[in-house]
Amino acid sequence: MKIGIVGRPQVGKTTVFNTLAQSTAEIGGYTSRGQINLSTANVPDERLEQIAKISESGKTTPATIDYVDVAGVTKSEMEHAELDSGMLAELRTVDALAHVVRLFEDERVPHVDGSVDAERDIESVALEFALADLQIVEGRLTRLRKQFQNQKLPEQQSEIRLLEMCQKTLEAGKPLRTLDLSANEEKLIRGYGFLTQKPLLLVCNIGETQLQAADEIFQRFRKYKTAPQTDVIVLAAQLEMELSQLDETDTEIFMEELGLHESALERFIQTSYQLLGLLTFFTTGPVETRAWTLREGQTAVDAAGRVHTDFATGFIRSETINWADLVACGSYPEARSKGLLRAEGKTYQVQEGDVLLILANPTH
Ligand SMILES: Nc1nc2c(ncn2[C@@H]2O[C@H](COP(=O)(O)OP(=O)(O)OP(=O)(O)O)[C@@H](O)[C@H]2O)c(=O)[nH]1
Ligand SMILES: [Mg+2]
C-alpha cells in the first residue's frame with residue numbers, strides 16, 4: 001500500500017511523514033517543487049511475535065506501507081504542466097491520499113493565505129486536484145474523439161461515455177470518488193490515476209495546546225466522513241514526531257501524561273486500513289512468520305498469490321486458523337486435535353487475523 005501525503009504549504013506534511021515513516025526528513029523550510037520524500041515503514045503488529053513463538057520462526061516480517069511526501073499544493077499551480085512530471089505523476093501512483101489540514105496556530109509559521117482556516121484549505125486542495133483531473137479528462141477526450149470520429153468501436157465509445165461522465169462530475173465540483181462505477185468502468189479509468197478518485201484521509205494537524213479539544217475538533221470535521229471513501233483523523237503531528245523519536249519507556253511516560261492511549265502511527269494505520277478495506281493475514285513456519293495485506297473480500301487464492309504466484313496457480317487448499325485460536329492452543333498439533341484448523345478452498349474469503357498454511361501443487 002502506498003499513501004501520498006498532500007496539503008497546502010507549511011501545514012505539517014513532512015512532520016506527519018516523519019512520524020509515520022519514522023524518518024527524519026527536513027522540516028520547516030518550504031519543501032521545494034521537485035523534492036519528493038519516499039519511505040517504506042513497517043506496520044507494527046503485536047500478533048507477529050506471538051505467532052512466531054508457535055512455529056519457533058527464525059524471523060518475523062511485518063507488512064509495510066510506502067509513504068510519499070510532496071511539496072505543498074498552491075492555488076492554480078496544479079495547472080502548470082511541469083508539475084505533472086514530478087509531483088502529480090508520483091501522486092497518481094498512490095492508493096490513497098492523506099490530506100494534512102493545519103489547525104495549529106503558530107505565529108512563527110505563517111500560512112500562505114494569511115490565516116488558519118481548515119475548511120478553506122480542504123476546499124482549495126480539492127479544487128486543485130479536480131482541476132488536475134479535469135485537465136487529463138479533457139485532453140484524453142479530445143484525442144479519443146479525433147481518433148475515432150468516423151468509427152464506432154464499442155470499447156472507445158464506452159471510454160468516451162465514461163470520461164464524459166467524469167467531466168460532468170468534476171465540472172459540478174464533485175470528486176470522482178462519488179461516482180458509483182462498475183468493476184469494468186473502474187478498470188477502464190484506473191490507468192489515469194485520477195486524484196479525486198483515490199480514497200481520502202483528512203489528517204487534522206492540531207497543536208499541543210489543542211489536545212484537550214481533540215474530540216471537539218473531530219466532531220467539527222465529522223461531516224467530511226459522510227462523503228464516499230473519506231475519513232478523518234485528528235493528531236498533533238509535531239508532538240507525535242517528537243514522541244516517536246524518544247525511546248520506548250520515555251514515549252510511554254509522556255503518552256500517559258498527555259492522556260494519549262494510542263500513538264498517531266497506530267491510529268493512522270488503523271484508519272487507513274478501514275478506509276481502503278484492508279485486512280492482515282499471516283503465514284508462519286520455522287523460517288519466518290510474516291504479515292501480509294489483502295483487500296476485504298479477497299480469497300484464499302488471492303492470498304496464495306501474494307505469497308507466491310505459483311501458489312495461486314497450483315492452489316489446492318489452505319489450512320486456516322484464527323491467530324488468537326492458534327496462540328491459545330500453543331501448537332499446530334493441539335489446534336488440529338481441537339478441530340480448529342479448517343481446510344478452506346479457493347473461494348474462501350480470508351478474514352482479518354487468519355493464519356494460512358497454503359498447500360499448492362508444485363508442478364503447476
Ligand atoms: N506549533 C506547531 N508547529 C508545527 C506543527 N506541525 C508542524 N509545525 C511547524 O510547521 C512548519 C512546517 O512543517 P513541515 O512539516 O515542514 O510542513 P510541510 O507541510 O511539509 O511544508 P512544505 O513541505 O514546505 O509545504 C515547521 O516549522 C514545523 O515545525 C504543530 O503541530 N504545531
Ligand atoms: Mg514538506
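Ordering L279, I206, L181 by Cα displacement along the dipole of the range 178-288 toward the positive end leaves L181 in first place; charges were set at the Cβ atoms of Lys, Arg (+1) and Asp, Glu (-1).
How much net charge surrounds P62 when only other residues with a Cβ under 14 Å from its Cβ are counted (Lys, Arg +1; Asp, Glu -1)? Within the 14 Å Cβ shell, the charges total -3. Computed over the chain, the alpha-carbon pair-distance distribution with 10 angstrom bins reads 5, 21, 27, 23, 17, 6, 1, 0, each value a whole percent. 3J(HN,Hα) couplings calculated from phi for the range 18-27 with the Karplus curve 6.51 cos²θ - 1.76 cosθ + 1.60 (θ = phi - 60°) are, in sequence order, 4, 5, 6, 8, 6, 10, 10, 5, 5, 10 Hz; Gly and Pro show x. Full extension of the segment from V327 to E257, taken as 0.36 nm per residue of separation minus the current Cα-Cα distance, would add 21.9 nm. Whole-Hz Karplus values for the range 188-199 come out as 4, 10, 4, x, 6, x, 4, 5, 7, 8, 6, x Hz, taken residue by residue from phi with 6.51 cos²θ - 1.76 cosθ + 1.60 and θ = phi - 60°; glycine and proline positions read x. Ignoring lysines fewer than eight residues from K187 along the same chain, the ones with Cα atoms less than 20 angstrom from its Cα are K2, K168, K198.
What size of dipole, in debye to the nearest 20, comes out for the range 297-360 about its Cα centre when the only charges are +1 on Lys and Arg C-beta atoms and -1 on Asp and Glu C-beta atoms?
Working: 6 positive and 8 negative charges, 32 e Å.
The dipole of the range 297-360 has a size of about 160 debye.
Shown in residue order for the range 225-234 are the 3J(HN,Hα) couplings computed by the Karplus curve 6.51 cos²θ - 1.76 cosθ + 1.60 at θ = phi - 60°: 5, 6, 6, x, 6, 10, 9, 10, 9, 10 Hz (x for Gly and Pro). Charge dipole of the range 208-364 (Cα centre as origin; +1 on each Lys and Arg Cβ, -1 on each Asp and Glu Cβ, all else neutral): 1140 debye, rounded to the nearest 20. Note on the range 84-234: with charges restricted to the Cβ of Lys and Arg (+1) and Asp and Glu (-1), its dipole about the Cα centre is near 860 debye.
Computed over neighbours whose Cβ is under 14 Å from that of F315, the net charge equals -1, Lys and Arg +1, Asp and Glu -1. Taking amide H atoms as placed 1.01 Å from N in the peptide plane, the amide H of R8 lies under 5 Å from those of V73, each 5 or more residues away in sequence or on another chain. Residue exposure proxy: K2, K59, ordered by other Cβ atoms within 10 angstrom of their Cβ from fewest to most, comes out as K59, K2.
Amide H to amide H, with H built 1.01 Å from N, L202 comes under 5 Å of H99, D231, V232, I233, counting only residues 5 or more places away or on other chains.
No value in this document is a laboratory result; all are computed from the given coordinates. Please read all numbers here as calculations on a predicted model, not as lab measurements. FYI the Cβ positions are ideal-geometry reconstructions off the backbone, even for glycines, and counts take in every protein chain you see.
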